[in-house]
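As structure tokens, the structure follows; a few thoughts come after it.
The values are calculated or read from the model by the stated rules, or taken from the named source; none is laboratory data. In this text the structure is predicted, and so the values were computed from the model without any measurement. Neighbour counts are summed over all protein chains in view; Cβ atoms, including those assigned to glycine, are modelled from backbone coordinates with ideal geometry. The protein model used for the area step is the full one, side chains on, heavy atoms only, and it has no ligands, DNA or RNA in it. Shrake-Rupley method; radii C 1.70, N 1.55, O 1.52, S 1.80 Å.
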Amino acid sequence: MAAPAPGDPGAAASAVLDELARNFTYGARGAGNGSLSGAWYRRNQIHLFGVLLAILGNLVISISLNIQKYSHLRSAQQEHPRPYFRSVLWWSGIILMALGETGNFAAYGFAPITLIAPLGCMSVTGSAIISVMFLRENLRASDLLGMTLALVGTYLLVNFAPNITQAISARTVQYYFVGWQFMIYMILEILVFCILLYFHKRKGMKHIVILLTLVALLASVTVISVKAVSGMITFSVTDKMQLTYPIFYIMCIIMIASCVFQVKLLNQATKLYNTAMVVPVNHIFFTISAIIAGIIFYQEFLGAAFLTIFIYLFGCFLSFLGVVLVTRNREKEHLPQSYIDFGNVPGKQILDKIQPDSSGLSYGTLPDGSDSIKSPSKEKKGV
């Protein structure tokens, strides 16, 4: 059978099928014979190092969040709780979170944004596993299904993300920074950001979609600057010093400023809405904005086959669905509070133990009944 001509549409389809065969073949011999072969690892070892840093960083963040949560729970059980910032356990969680974020930061210097950003689902699923194992939280069927979908989605992401190795130098960042694609993208993003900020500040609209869309728009700028700074540091270590260029410090300023405003808006969302709602929506919006930023600024999908892009997007969808299932209907954690025995009241029957009322200003409420004791404020009102 004759091979298709280079200009024939069948040649492009054949190339895509060959790439899929290389990704899904495990036992055959030869070059590029599957995603578990040595040739595949040699082609993608730089990206895999970035993936490993991102996964480890997200898992360390999961551990740190659960350590901080455990420190708050333990402090609430004490008779005279100390401020959380005086707890050694809480500071251990903060140090681990800093290490995890450092791993994520370094990962952007070795792998594309479109590969690293969706791996944030590992932080959510890892946190659910750790909370079940160490904090004795309930393991639901939706948790198992969500973790499975997130792992399958992560596998597809790693296999079908763009295989583009870029040396991020200062000149490369400058070239992308003044490109017409990025200019149009930034103009549209600034317009949308200003419109949403107007409705949020002037009209008082506090909807979760508005708040997290503002966060996502800032996040797209953050990931662009983070990859630029991380890439230039990596290039300085491996090849030539890039820290003397002004673009490096410009990107550092953009990265810090966008992170500060992003955290501020995210804190507003967590104050107004339940964490179980904020976490999945923020993960989805952040990942989508990061992927768009990687495609437009760094042109990471340039020359990719349609079927490869489709399977990559399907992997993103599975990871999104997994995060939603893990966080769905997760009840609020109630801090354990001890019962207080008021003992014998003179002239009255022995009262039951009183549960402190965490939602009110009073420390506790007496049981309903005709023999309940009136408070001094009520006696004054009666007089």
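Numerical summary
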{"item": "Count of segment 110-138 residues which are within 13 Å of Leu52 (Cβ to Cβ) and not aliphatic (A, V, I, L, M)", "result": "1"}
{"item": "Residue selected from segment 198-215 under the condition in contact (Cβ under 8 Å) with a residue 24 or more places away in the chain and surrounded by fewer than 22 Cβ atoms within 10 Å (Cβ to Cβ), by the criterion nearest to Thr165 (Cα to Cα)", "result": "Thr213"}
{"item": "Qualifying residues in segment 136-172 (those that are loosely packed, with under 15 Cβ neighbours inside 10 Å and of a type in the set (Lys, Arg)) - the one farthest from Asn66 (Cα to Cα)", "result": "Arg171"}
{"item": "Single residue of segment 256-271 satisfying the filter (of a type in the set (S, T, N, Q) and touching a helix residue (DSSP H, G or I) at 6+ places or on another chain (Cβ under 7 Å)) that is least open to solvent (accessible area, probe 1.4 Å)", "result": "Ser258"}
{"item": "Filter result for Thr234 (surrounded by fewer than 17 Cβ atoms within 10 Å (Cβ to Cβ) and at pLDDT below 95)", "result": "no"}
{"item": "Checklist (1) under 20 Å from Glu189 (Cβ atoms); (2) at pLDDT below 95; (3) open to solvent by 40 Å² or more (accessible area, probe 1.4 Å) applied to Ile253, failing item", "result": "(2)"}
{"item": "Contacts under 8 angstrom Cβ, first residue in segment 162-190 being farther than 12 Å from Gln299 by Cα, partner among the basic types (Lys, Arg) and open to solvent by less than 40 Å² (accessible area, probe 1.4 Å), 6 or more apart", "result": "Ile168/Lys227"}
{"item": "Subset of segment 278-310 (residues that are within 24 Å of Asn104 (Cα to Cα) and among the β-branched types (Val, Ile, Thr))", "result": "Val278, Val279, Val281, Ile284, Thr287, Ile288, Ile291, Ile292, Ile295, Ile296, Ile309"}
{"item": "Filtered residue count, segment 173-187, keeping only those that are aliphatic (A, V, I, L, M) and open to solvent by less than 70 Å² (accessible area, probe 1.4 Å)", "result": "2"}
{"item": "Any hit, segment 90-100, residues being under 29 Å from Val158 (Cβ atoms) and either open to solvent by less than 20 Å² (accessible area, probe 1.4 Å) or in contact with a Leu (Cβ under 6 Å, 6 or more places away or on another chain) (or both)", "result": "yes"}
{"item": "Given (1) at pLDDT 90 or above; (2) open to solvent by less than 40 Å² (accessible area, probe 1.4 Å), number of the condition Phe105 does not satisfy", "result": "(2)"}
